[in-house]
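So the structure is just underneath, and the comments pick up after that.
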Amino acid sequence: MAEQSSTVANPPAASIWERLYELATDNRVVRSIVRHGFPDTNRNRSLTVFTNFFLHIHPVKVRTEAIKFTRTYYLGGLSAVTFLILSVTGVLLMFYYHPSVPRAYQDMKDLEFVVSAGVFLRNLHRWSAHAMVALVFLHMVRVFFAGAYRPPREFNWVIGIFLFLMTILLSYTGYLLPWDQLAYWAVTVGTNMARSVPVMGDEISFLLLGGHQIDENTLVRFYVLHCVFLPLLVVGGVAIHIWRVRKDGGIYIPPEERRHTVRCYETSGEELQS
Ligand code: HEM
């Protein structure tokens, strides 16, 4: 009997790869950064999303109905993508452009005829700007017809209106920068409209132009608004906007279309009860 109990089998020895894997993943440094196990259970998947700086932007659970293309037509996301393209191409354009009366128009011509791929860069910026105005407007129409502006999403609707105004102002301020005839007269029309505002029209126009007529002051003012001030407001606004979508329970789904299934992870194939 004594002989039998001493022959109980030991667990099989770990292979060299298993030991190396354990050494690489189960040490003090890694544990101080990654504080959960491998994401193969719903708990660990949730912890992966919660504790990762980049992933925590995403919700842990998403309704399958919310990610259907026809629910949003991805219009909000596409608006954000066009803004990203505009930011990158805008910064590249800033390398070639001087906001001064003798240089501005000349710089645009140089972009067209001298700078390599300058026409492409300028047109990418211009067409993305047109696309962003259209996409933001269509996104607004989609949200309106889905009734997604109703409580608890009213605040996000208001932030959306702010973003829409910022998008229009970005287009308007960018219009002057080429300093050609089209730019000059378009801004003349715009500031004359501002001047016709009752009571404080003259003050608004003075503030926009940096004086009583369109000149170098106006160009510098529009340049700063276009390249720094308004983009920063849009970045802040979009951050709050998308955070609010999360906090308001994700994309609006009409009650009659709400099923109880939610998707946890594309790869898991599991379904949770909401
Ligand atoms: C820079 C402009 C904008 C960006 C980047 C943006 C981005 C987004 C994104 C990514 C979403 C979630 C997905 C989607 O619905 O497509 C969303 C939802 C929403 N947006 Fe916008 N948006 C912008 C402008 C607007 C405007 C102009 C409005 C309305 C005035 C608006 C109102 C809303 C509302 C109420 C939701 C929640 C919709 C729902 O729950 O179904 N957004 N936005």
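List of remarks:
- Centre separation in Å (Cα based) which lies between the stretch 143-190 and the stretch 73-91: 14 Å
- Protection-proxy order for peptides 44-57, 156-169, each taking the mean of Cβ atoms within 10 Å per residue, highest first: 156-169, 44-57
- In the frame of its principal axes, the chain has Cα extents of 107, 50, 29 Å, reported largest first.
- In this simple spin-label approximation, residue 74 and residue 43 carry label points 7 Å from Cα along the Cα→Cβ vector, and these lie 3.6 nm apart.
- Summing charges over neighbours of residue 95, with a neighbour being any other residue whose Cβ is under 12 Å away from its Cβ, gives -2 when K and R count +1 and D and E count -1.
- For the chain, the longest principal axis of the alpha carbon atoms and the long axis of helix 230-247 meet at an angle near 40°.
- Viscosity 0.890 mPa s, temperature 25 °C, Stokes-Einstein D of the stretch 54-126 from Kirkwood C-alpha radius, µm²/s: 161 µm²/s
- Residue 204/residue 144 FRET efficiency (R0 22 Å; Cβ-Cβ; nearest 0.05): 0.15
- For the pair residue 180 and residue 96, a Förster radius of 22 Å applied to the C-beta separation gives a FRET efficiency near 0.85, rounded to the nearest 0.05.
- A Förster radius of 22 Å, combined with the Cβ-Cβ distance separating residue 35 from residue 259, puts the computed FRET efficiency at roughly 0.05.
- Loop-located chymotrypsin sites (Phe, Trp or Tyr not before Pro) in the stretch 60-105 whose Cβ has at most 12 other Cβ within 10 Å (DSSP): 95
- Summing Cβ point charges (Lys, Arg +1; Asp, Glu -1) relative to the Cα centre of the chain gives a dipole of roughly 540 debye.
- From its DSSP helices (H runs of at least four residues, each -39,500 (n - 2.57)), the chain gives a residue-normalised ellipticity at 222 nm of -19500 deg cm²/dmol.
- One quarter of the surface of the convex hull around the alpha-carbon atoms of the stretch 85-193 equals 8.3 nm², the direction-averaged projected area.
- Fully extended contour minus Cα-Cα distance, from residue 120 to residue 189, at 0.36 nm per residue: 21.9 nm
- When each of the peptides 10-21, 130-141 is scored by the mean number of other C-beta atoms lying within 10 Å of its residues, the order from highest to lowest reads 130-141, 10-21.
All of the numbers you see were taken from the coordinates with simple rules; none came from a lab. Keep in mind that this is a model prediction, so the values were computed, not measured. With ideal geometry, Cβ positions are generated from the backbone for all residues, glycine too; neighbour counts draw on all protein chains shown.
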